[in-house]
Structures are given as structure tokens and as C-alpha cells.
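To start, the structure under review is shown below, and the notes come after it.
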Amino acid sequence: MAPIRPKAMHKKLSDLLKPFRRPKVVTRFAPSPTGLLHSGNYRTAVFSYLYARQHGGKFILRIEDTDKARSKKEYEDNIFESLEWLGLEYDEMYRQSDRTDIYVEYLQKLIDDDKAYVSKEPAKDDPTRTVELVRFRNPNKKITFTDLIRGDIEFDTSDLGDFVIARSMTEPVFHFVVVVDDHLMGVTHIVRGEDHISNTPRHLLIYEALSAPKPTYAHLPLVLASDRSKLSKRHGAKPMTYYRDTGYMPAALLNYMSLLGWNPGTEQEIFDLKGLVKAFDLSKVQKGGAIFNEDKLRWVNKEHLKLLPKDNFTAVLKARIDATERAKELGWNVTPELAAKLGPAVLERINNYGDIDIMITERDLDYYFSDPAYDAESLRWKGESVQASATHLEFIQETIKSISEKNWDEGSIKAALWPYAEEHGRGNVLWPFRYALAGKDKSPNPFTIAGIIGKDATARRVHEALKKCANHADKPLT
Ligand code: GLU
């Protein structure tokens, strides 16, 4: 007796249930791998994804690579990488170059039904050559559709003539394959850029010719550069993977892209993916173009950094510092305790993880690991003498002695020195203190640095500063 095959039985059952399981909403992201896609392109993926997920629907990725000359594998790989990094999971993936047989079949069907015909005509680029194009028999009529964002739109298709749907039987063009695919894939909602509006009448005519149910369209406003022209590489629009590689958080990119043409109608601007799925509303997307603003993106990323559990940020900070040449070269020992102390001071000065690398390059972390080098003149506050700085440093030296190791932190150091600084002028007192600790014109305040480097290092650096002052003869003040 043949063994029972539970797998086969399972398959049968699922086939039976299929008609009942068809999700009500199916969306897709249909990029062409003809270049590295930027946030203007991925914004479409985000909106399609959110709409599908909030309706318990399906989200499909379809690689539109019918343009053989311009489509490249590296661009396709970049799309996969970007979507994975963003966490936009798709339920199905198709590649149009794998589907030629299907297109031929549907082309033939339209020709058989006399909805399209083969047209022998001279080639455009070389009129001595004859080509066999497939042209759509345009019924020349008025077509109306209701766009979810733009409302009712009417077109007179007679302006389009009998448009081309294939350059040969095996070379269908975009207008044809997009409709065949969306139909066969059960796409119910087509979310795409406004630049496709003028293609929609052609697509609707093809749906009618195929007797296929028409989808709902939502044409998104363009993403614009600051000069209000369409965002493009020309404006320095960067590929999504650039943001990954320069230390942005995927959650921040998702969040920022969701705001390109949409807002929740409240003050809230920071969302995680779950929050976006809940709040997003396709029908509230604006009609006007959305300007891509890198500063705003940096701000959104910082807000997401601030929301990270402290330990996560500390771990990334440590890993990031450890990986740098400078840290290796100088043998920096980023203990977990030091990383935890450094965390808030670094977070305050960065918008993304890449900024940590910049801080390192600009020597903005050196003073946490080693005593700074500088000359005595630098300790001089505006209009004051170096000797005046020495007087304040002496007070600081005595005061820090009185703070116990146990109580050594930013708050108690500040509390001990603040009244003196207020009395003698903050700049007069804090500038030499800060310079003694950091050896730089710009750095966090001295209390923060002192808290991080500890009592011993602070005392040693103040002592060093005093030694420099003692060896320095003030020039007469001018
Ligand atoms: N492949 C087209 C593009 O990259 C998208 C087509 C569509 O969404 O219908 O612009």
C-alpha cells in the first residue's frame, strides 16, 4: 500500500482554500534596475508596504528589467540589499525577464481577439529596415479613473493613437507587461509615482482589452530636491545603501521617507515601523511635491538614536571606536564602563553613527584616552593673562581634591566649581579648565570630560596645565 503523504494532502487542502485566502489588498514595488535607487524611489516601496500591511494584505517585489540594455545585476542586487536593510519584507518576488513566455501568450491573446495587431513598418532609427511592432487597437474613448490621492482623472485616449505594446513578439514594452503582471499577480492597489499618471490611460485600456478587473491607483507626489525639481542623482540623491554605510538607522530612513508626502495630521513625527503601519493613511497623502531635506533626515535619525536602549548605543559606540585605525594605532582601550560613560557625551554631538568616525578623525575623542598636548597661550581666556588662568586652575586643583572618588561625577564636579565660576566669570574659569582637559578650542564642557576621564586624570591634567603656566611669561596684554 502506498504510504500516506501528509505533505501532498496538505497541499491539496491549501489549494482548496486558496480562493478564500486571497488577500483583499495586494500592492507591489516595481523598480527598474537601471541605476542605484534613492529615497525618492524607495518612498514608493514604503507607502506600498505600509498600505498592504495595514490591510493584512500582500506586498510584492517585481523587478522590471525588460530594458535589457540598461538593466544591470548590480542594481538589482542593490534593490534587494536596500529592502532587506530597511526591513521591508516582500511576500513574493518576480523578475520580468523570467516571464517572457507569459507576455507572448497574452500578446497573442490580444492579437487573436483583434485588440492588437502586428504592424510592419520602417524602423525609426533605420527606415530601410522593416520591423514588426505590435500595436494596440485604441478604441479612442474617454477614460476616467478615481485616483486615491488625486481624485477623478479623465483622459481622452484618442490622443494616444494605436500605441506600441511590443517591439516584436518577444519584446513587449513597459505598458503591456506592467498590466499583465499586475493582473496575474492580483495587484489591487497600484501605488507609484505621479510621473506615471500619463501612462495610466494606456494601462486601463489594456485592462479592458484583457477583460481584467481594474486596480485602484494612488499616484504619489514627486519627491523634489531643494530647488523643487524632481530629485535625481544629478542633485546628489544618494542610494539607500549610502545611508546604511554612513551609519543611519533603517528605522529612521523608513520614518523619514514615510513623511515625504504624508503626515499624520498631529504633532507626532517620530514613528517606528509598527506605529507607521497603524498611522499611515494613503488617502491623506498630499498632492504637491515633497521636498527631500537631508537635515531633517539627520534630525529624525537622531531622534531614533535617542530612543535606542542605552546598552545598544553603548555597544555600537564601542564597536565603532574599536574598528577605527586611530583607536588601533593609539591602543585605545574602550572598556564597557568607559563606553557607557562616553555614550551620552557622544550622543549629544552626533546625528548618526558615521558622525562618530568624523569625531575620531577630528580628534574629538582623543582627550578621553590620552592627555592632550597644547601650549600655555591656549589657556588664556579672552583679554586675560595666562597667570590669571593659573590662579583659577589652582582653585580648581584644590577643589577637585575635596571631591571623593566615590562622588566623582559630572554633577558633583559642577556643583563644587559653579559658584566660583559665576563669581569670577565663567569664561575666565571654565576655558582654562576645559583646555587643560581637552587641549582643543571646541569640546564638551569640562565637567562632562572630567566626569568621564576620572579624578586621577583630571587632577593630572590640571597639574600639567599649571606647570605650563609657571613656565610661561605673559606678554603684556594689548
Ligand atoms: N518600473 C517602473 C519605474 O521604475 C514602475 C512602474 C509602475 O510602478 O507601474 O518607474
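The values are calculated or read from the model by the stated rules, or taken from the named source; none is laboratory data. Not measured: the values here are computed from a predicted model. Cβ: placed from backbone, ideal geometry, glycine included. Neighbour counts: every protein chain shown. SASA here: full protein model, heavy atoms, side chains in, ligands and nucleic acids out. Shrake-Rupley method; radii C 1.70, N 1.55, O 1.52, S 1.80 Å.
As an exercise: evaluate GLU81 against (1) within 11 Å of the ligand (Cβ to nearest atom); (2) within 26 Å of LYS296 (Cα to Cα) and give the number of the one condition it does not meet.
(1)
Can you find even one residue in segment 327-336 that is within 26 Å of the chain's Cα centre (by Cα) and either loosely packed, with under 12 Cβ neighbours inside 10 Å or without any contact (Cβ under 8 Å) to a residue 40 or more places away in the chain (or both)?
The answer is no; no qualifying residue exists.
When the residues of segment 434-455 are filtered to those that are of a type in the set (A, V, I, L, M) and in contact with a Ser or Thr (Cβ under 9 Å, 6 or more places away or on another chain), which remaining residue is surrounded by the fewest Cβ atoms within 10 Å (Cβ to Cβ)? Spell out how you get there, then give the answer.
Step one: filter segment 434-455 for residues of a type in the set (A, V, I, L, M), giving 436-438, 449-450, 452-453.
From what's left, in contact with a Ser or Thr (Cβ under 9 Å, 6 or more places away or on another chain): 436-437, 449-450.
Details: ALA436: 30, LEU437: 27, ILE449: 23, ALA450: 28.
Of everything passing the filter in segment 434-455, ILE449 is surrounded by the fewest Cβ atoms within 10 Å (Cβ to Cβ).
Filter segment 157-180 for residues that are open to solvent by 10 Å² or more (accessible area, probe 1.4 Å) and among the aliphatic types (A, V, I, L, M); which is nearest to the ligand (Cβ to nearest atom)? Full working, then the answer.
Narrowing segment 157-180 to residues open to solvent by 10 Å² or more (accessible area, probe 1.4 Å): 158-164, 167-175.
This time we only want the ones that are among the aliphatic types (A, V, I, L, M), so: 160, 164, 169, 173.
Details: LEU160: 17, VAL164: 17, MET169: 22, VAL173: 12 Å.
Only one residue tops the list, namely VAL173.
Is it the case that ARG434 is of a type in the set (Lys, Arg) and either without any contact (Cβ under 8 Å) to a residue 12 or more places away in the chain or over 23 Å from THR324 (Cβ atoms) (or both)?
yes
Check every one of the helices (runs of 4 or more DSSP H) wholly within segment 186-290 and list those with 1 or more residues that are over 28 Å from ASP152 (Cβ atoms).
240-245, 250-258, 273-279
Which count do you get for residues in segment 38-76 that are more than 10 Å from the ligand (Cβ to nearest atom), polar (S, T, N, Q) and in a loop (DSSP other than H, G, I, E, B)?
The number of residues fulfilling the criteria is 1.
Can TYR103 be described as within 16 Å of the ligand (Cβ to nearest atom), open to solvent by less than 60 Å² (accessible area, probe 1.4 Å), over 32 Å from the mean Cα position of the chain (by Cα) and modelled with pLDDT of 95 or more? Let's see the steps before the verdict.
Numbers: within 16 Å of the ligand (Cβ to nearest atom): yes; open to solvent by less than 60 Å² (accessible area, probe 1.4 Å): yes; over 32 Å from the mean Cα position of the chain (by Cα): yes; modelled with pLDDT of 95 or more: yes.
In short, yes.
I'd like the full set of residues that are farther than 23 Å from LEU50 by Cβ and aliphatic (A, V, I, L, M), limited to segment 154-191.
Here is the first cut: in segment 154-191, the ones farther than 23 Å from LEU50 by Cβ are 154-177, 179-180, 183-184.
Once the filter is applied, which keeps residues that are farther than 23 Å from LEU50 by Cβ and aliphatic (A, V, I, L, M), segment 154-191 yields LEU160, VAL164, ILE165, ALA166, MET169, VAL173, VAL177, VAL179, VAL180, LEU184.
Quick check on segment 181-204: of everything there that is in contact with a Leu (Cβ under 8 Å, 6 or more places away or on another chain) and more than 12 Å from the ligand (Cβ to nearest atom), which residue is farthest from ASP112 (Cα to Cα)?
Among those that are in contact with a Leu (Cβ under 8 Å, 6 or more places away or on another chain) and more than 12 Å from the ligand (Cβ to nearest atom), it is PRO201.
Looking at the structure I just gave you, is LEU231 within 14 Å of the ligand (Cβ to nearest atom), open to solvent by less than 60 Å² (accessible area, probe 1.4 Å) and under 30 Å from ARG320 (Cβ atoms)?
So LEU231 fits the description; yes.
Based on what the data block shows, is ALA252 at pLDDT 95 or above, open to solvent by less than 20 Å² (accessible area, probe 1.4 Å), within 22 Å of VAL164 (Cα to Cα) and away from the ligand (no atom under 16 Å from the Cβ)?
No, not satisfied.
Pick from segment 55-79 the residues that are β-branched (Val, Ile, Thr) and in contact with a helix residue (DSSP H, G or I) (Cβ under 8 Å, 6 or more places away or on another chain): which of them is most open to solvent (accessible area, probe 1.4 Å)? Before the answer, list the steps.
Keep residues of segment 55-79 that are β-branched (Val, Ile, Thr), which gives 60, 63, 66, 79.
Checking which are in contact with a helix residue (DSSP H, G or I) (Cβ under 8 Å, 6 or more places away or on another chain) leaves us with 63, 66.
Numbers: ILE63: 0, THR66: 54 Å².
Checking each candidate, the answer is THR66.
From the list LEU224, LEU210, which residue is open to solvent by less than 30 Å² (accessible area, probe 1.4 Å) and under 21 Å from the mean Cα position of the chain (by Cα)?
Numbers: LEU210 fails: under 21 Å from the mean Cα position of the chain (by Cα).
From the options LEU224, LEU210, the qualifying one is LEU224.
I want to confirm something. Restricting to segment 372-403 and keeping residues that are part of a loop (DSSP other than H, G, I, E, B) and closer than 24 Å to ALA415 by Cα, which single residue is most open to solvent (accessible area, probe 1.4 Å)?
Once the filter is applied, the top-ranked residue is SER402.
Have a look at GLU154, GLU208 and point out the one that is more than 16 Å from the ligand (Cβ to nearest atom) and touching a Ser or Thr at 6+ places or on another chain (Cβ under 6 Å). Give the steps one after another, and end with the answer.
Values: GLU208 fails: touching a Ser or Thr at 6+ places or on another chain (Cβ under 6 Å).
Answer to the check: GLU154.
In segment 21-32, what residues are in contact (Cβ under 8 Å) with a residue 24 or more places away in the chain, of a type in the set (Lys, Arg) and more than 8 Å from the ligand (Cβ to nearest atom)? Full working, then the answer.
First, pick out the residues of segment 21-32 that are in contact (Cβ under 8 Å) with a residue 24 or more places away in the chain: 22-32.
Filter again for of a type in the set (Lys, Arg), leaving 22, 24, 28.
Passing the criteria: ARG22, LYS24.
Return yes when GLY35 is among the small types (Gly, Ala, Ser) and more than 14 Å from the ligand (Cβ to nearest atom) and no when it is not.
Against the criterion (among the small types (Gly, Ala, Ser) and more than 14 Å from the ligand (Cβ to nearest atom)), GLY35 does not qualify.
Out of ALA237, ALA218, which single residue is at pLDDT below 95 and either touching a His at 6+ places or on another chain (Cβ under 9 Å) or open to solvent by 10 Å² or more (accessible area, probe 1.4 Å) (or both)?
Exactly one of ALA237, ALA218 is at pLDDT below 95 and either touching a His at 6+ places or on another chain (Cβ under 9 Å) or open to solvent by 10 Å² or more (accessible area, probe 1.4 Å) (or both), namely ALA237.
Exactly one condition in (1) without any contact (Cβ under 8 Å) to a residue 12 or more places away in the chain; (2) out of contact with any Asp or Glu (no Cβ under 9 Å at 6 or more places or on another chain) is false for LEU342; which is it?
Of (1) without any contact (Cβ under 8 Å) to a residue 12 or more places away in the chain; (2) out of contact with any Asp or Glu (no Cβ under 9 Å at 6 or more places or on another chain), only one is false for LEU342: (1).
So the check is Cβ under 8 Å with 6+ separation or different chains; which pairs have a first residue in segment 86-112 that's of a type in the set (A, V, I, L, M, F, W, C) and a second one that's open to solvent by 80 Å² or more (accessible area, probe 1.4 Å)?
Listed by first residue and then by second, the contacts come to VAL104/THR170.
What number of residues within segment 354-371 satisfy the criterion of being open to solvent by 30 Å² or more (accessible area, probe 1.4 Å) and among the hydroxyl-bearing types (Ser, Thr, Tyr)?
Looking only at that region, the number is 2.
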